[in-house]
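Okay, so here's the structure we're looking at.
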Amino acid sequence: MKKTIFISAGSSGGHIFPAITLANKLKELHHDVYFIASNNRIEGSILPNHGYDLLHVTSPTVRKPFKGFFIFLKELMQSFKETHFHIRKYHPDMMISFGGSISFPSGWVSFFNRVPLYIHEQNAVLGLSNEWIAPVAKKILTQFNIEKSIFKSKMVVVGSPRTSEFKSYQPNQKVFTDLGLDPAEKCVVFVMGSLGSFTMQKMIADMITQQPKVDYQRLFITGTRFYESYHHLNDLDAKTVVVSSISLIDLYPNITLLVSRGGATTMAEVIGSTTPTLFIPSPYVTRNHQFLNAQSLQNALAAEVLDERELNVEILYDAINTLIHDDEKLNAMKNALKSLSQLNELDQIVKELHL
């Protein structure tokens with residue numbers, strides 16, 4: 001039976017892209033899908049580019065000063081009002097929250113209007129918005145097994161929609177060779193999130209400068225903020241390539257070792273592509289979720305984790321150099337990653353939603 005489904009997602013690509021993947025699946029099943037989102041935040045540019053119009057709702061922003069609290073309350077009340085209007089107009093059969101500040105008002109308004117609420121949590125700990133609406137959710141679908149939660153009885157581990165995309169994975173191999181890299185040689189890829197990290201970018205750059213000659217290839221994705229500072233590293237050695245940005249999707253088959261942050265989307269893609277990874281989680285994110293994400297894979301013997309606060313150039317170089325030359329360990333990590341998913345996450349989610 002055709003249903004009308006609202007999806008709330010905002011604030012970061014980690015919430016938005018898995019939601020888009022699910023939305024595409026729901027449309028394939030002939031359901032009507034609408035995004036509850038803010039047109040003046042990141043989702044306002046991402047969703048239209050993927051063919052989705054959004055139902056605008058003000059995204060409440062937490063501000064620390066006393067005066068800012070009243071602005072936050074005003075925005076929150078506006079969010080409640082706008083979400084209520086959309087629900088009354090379209091009469092959705094369910095609301096699915098992927099997180100972000102937009103999900104708090106939309107979750108509670110759904111409850112007050114008797115619209116069944118489902119949550120998908122991409123991280124190894126509930127995000128703030130998802131936790132605040134968890135009491136009124138029918139079910140909480142998770143990418144990881146979240147042990148410590150008072151809402152454990154509502155949780156079902158289904159993985160991330162993003163991982164399912166690797167079931168019909170067809171990368172463009174030319175993206176790798178166009179960089180001047182050789183698919184026959186080992187390659188370490190460094191990427192510290194879409195915006196990069198000042199601390200880690202400098203440490204990686206210092207390591208490359210101190211060790212310009214290595215017996216494997218290196219691709220350093222700096223992010224646009226840092227490219228001007230580090231593009232000169234291209235001149236050190238033919239085996240080292242520095243770019244501002246590039247899609248990892250087309251690179252995964254040729255990545256021997258990924259050195260990365262621990263965001264939810266990266267986790268989903270690493271599992272789906274079975275890419276051995278050395279995680280360096282950001283210590284400055286909400287609820288330390290990147291470390292908990294990475295720890296989940298480390299506990300499954302599917303990845304290794306370094307603590308940025310205890311890291312220096314020598315430790316980083318030694319960790320990479322040891323791993324890249326340990327074929328047995330790399331193969332074991334790939335096999336462990338393969339055991340974590342059958343690439344049927346979307347089917348599991350659809351089943352749990354009774355669609």
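Okay, here's what the table says:
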read-out: Answer residue from the range 317-329, given it is touching a residue at least 60 places away in the same chain (Cβ under 8 Å) and out of contact with any Leu (no Cβ under 7 Å at 6 or more places or on another chain) and is surrounded by the most Cβ atoms within 10 Å (Cβ to Cβ) among those; value: 317
read-out: Test: residue in the range 297-309 that is of a type outside the set (Asp, Glu), surrounded by fewer than 19 Cβ atoms within 10 Å (Cβ to Cβ) and within 15 Å of residue 125 (Cβ to Cβ); value: yes
read-out: Whichever residue in the range 177-229 is of a type in the set (Lys, Arg) and modelled with pLDDT of 95 or more and, among such residues, is surrounded by the fewest Cβ atoms within 10 Å (Cβ to Cβ); value: 186
read-out: Qualifying residue in the range 73-85 (condition: under 21 Å from residue 114 (Cα atoms), of a type in the set (Ser, Thr, Tyr) and assigned by TED's automatic domain parsing to the domain that holds residue 105); value: yes
read-out: Residue within the range 15-28 that is assigned to a loop (DSSP other than H, G, I, E, B) and farther than 30 Å from residue 262 by Cα present; value: no
read-out: Residue match in the range 53-68 (condition: modelled with pLDDT of 90 or more and in a helix (DSSP H, G or I)); value: no
read-out: Residue that is in contact with an Asp or Glu (Cβ under 6 Å, 6 or more places away or on another chain) and under 16 Å from residue 186 (Cα atoms), where the choices are 257, 251, 278; value: 278
read-out: Scan of the range 129-183 for residues that are in contact with a helix residue (DSSP H, G or I) (Cβ under 8 Å, 6 or more places away or on another chain) and in a strand (DSSP E or B), ordered by number; value: 139, 140, 141, 156
read-out: Selected residue (criterion: nearest to residue 43 (Cα to Cα)) from residues of the range 85-105 that are small (Gly, Ala, Ser) and in a loop (DSSP other than H, G, I, E, B); value: 100
read-out: Any hit, the range 33-56, residues being among the aliphatic types (A, V, I, L, M) and within 14 Å of residue 350 (Cα to Cα); value: yes
read-out: Some residue of the range 152-171 being touching a residue at least 24 places away in the same chain (Cβ under 8 Å) and more than 20 Å from the chain's Cα centre (by Cα); value: no
read-out: Of all residues in the range 106-128 being aliphatic (A, V, I, L, M) and not in a helix (DSSP H, G or I), the one that is farthest from the chain's Cα centre (by Cα); value: 115
read-out: Residue that is surrounded by the most Cβ atoms within 10 Å (Cβ to Cβ) [pool: residues in the range 88-145 that are of a type in the set (Ser, Thr, Tyr) and under 24 Å from residue 162 (Cα atoms)]; value: 106
read-out: Failed item, numbered, when residue 78 is tested on (1) at pLDDT below 90; (2) over 25 Å from residue 353 (Cβ atoms); value: (1)
read-out: Scope the range 237-289; condition out of contact with any Gly (no Cβ under 9 Å at 6 or more places or on another chain), of a type in the set (A, V, I, L, M, F, W, C) and assigned to a helix (DSSP H, G or I); matching residues; value: 248, 249, 267, 270
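Residues are listed down the side, and each one gets a yes or a no for (1) farther than 23 Å from residue 87 by Cβ; (2) without any contact (Cβ under 8 Å) to a residue 60 or more places away in the chain; (3) touching a helix residue (DSSP H, G or I) at 6+ places or on another chain (Cβ under 6 Å); (4) assigned by TED's automatic domain parsing to the domain that holds residue 75:
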| position | (1), (2), (3), (4) |
| --- | --- |
| 23 | no, yes, no, yes |
| 27 | no, yes, no, yes |
| 32 | no, yes, no, yes |
| 39 | no, yes, no, yes |
| 44 | no, yes, no, yes |
| 49 | yes, yes, no, yes |
| 53 | no, yes, no, yes |
| 60 | no, yes, yes, yes |
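Condition check ((1) buried (at least 17 other Cβ atoms within 10 Å of the Cβ); (2) among the aliphatic types (A, V, I, L, M)) across all residues:
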| position | (1), (2) |
| --- | --- |
| 236 | no, yes |
| 265 | yes, no |
| 274 | yes, no |
| 278 | yes, yes |
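The values are calculated or read from the model by the stated rules, or taken from the named source; none is laboratory data. In this text the structure is predicted, and so the values were computed from the model without any measurement. We place every Cβ from the backbone using ideal geometry, glycine too, and count neighbours over all the protein chains shown.
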